[in-house]
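Peer 1: This is the structure I have questions about; it appears just below.
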Amino acid sequence: MQVRDVMTCEVVTVGPETSAKYAGEVLAEHGFTALPVVDEDARLVGIVTEADVLRDRLPRDPRLHLRRDGDQAHVLPLLVRGVMTEDVRSVESGADVSDVAKLVVDERLRSVPVVDGERLAGIVSRRDLLRALVRTDPEIRAEVNDLVERYTGELGAWDVAVTEGVVTVRRTRGESMDPPGTEERTLVALARTVGGVIAVTVLPARADVPGPPSTHG
């Protein structure tokens, strides 16, 4: 499964010249943790987070801080370009979801911008990845069965079972004309493209499965 299959395509973005205060309002209003920053050609140029907007922007309450040592006034950046992070971790829309999930977990990211080349294509969050994982077994079974039947062209010739995201496929009619092992590898690869699949096993056809009709006279 690829990132484009689970990402959010309608992304709220800001530009480098956007007010940092406005970016903070958008983050607060929508409950986002970060906003991609794009230029006028929709190219990803940075990301602005809650922490970026919060940094040094809440003044100290003088009633709670008697010592004012080091509280020298300084001018804060007013625009997003002054607070954003330019070194952005992004992923291609064709990346493997499992690789992105590892990136998110290992680097403790809440969301990752998705690009096609340099242009922003979407954003993938922990919630998007989790949503792909928690599909119901009947949903997974229906999609795997459809993929297998469309690939082989053999309707009703397969027994597909799914338990907690673990898929088992067994031929119930006919036999493969491919070299040994080819059909099994292909079915595993097909099933792994389905969201929510944890593992795939292709079982040998039952011994009583009838083969193709004899052509001998």
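The values are calculated or read from the model by the stated rules, or taken from the named source; none is laboratory data. Quick caveat: nothing in here was measured; it's all calculated off a predicted structure. As a convention, Cβ positions derive from the backbone with ideal geometry for all residues, glycine included, and neighbour counts pool all protein chains shown.
Peer 1: In region 92-138, how many residues are closer than 13 Å to Asp5 by Cα and among the hydroxyl-bearing types (Ser, Thr, Tyr)?
Peer 2: 3
Peer 1: Another one. Looking at region 184-214, which of the residues that are of a type in the set (Gly, Ala, Ser) and modelled with pLDDT of 80 or more is surrounded by the most Cβ atoms within 10 Å (Cβ to Cβ)?
Peer 2: Ala191
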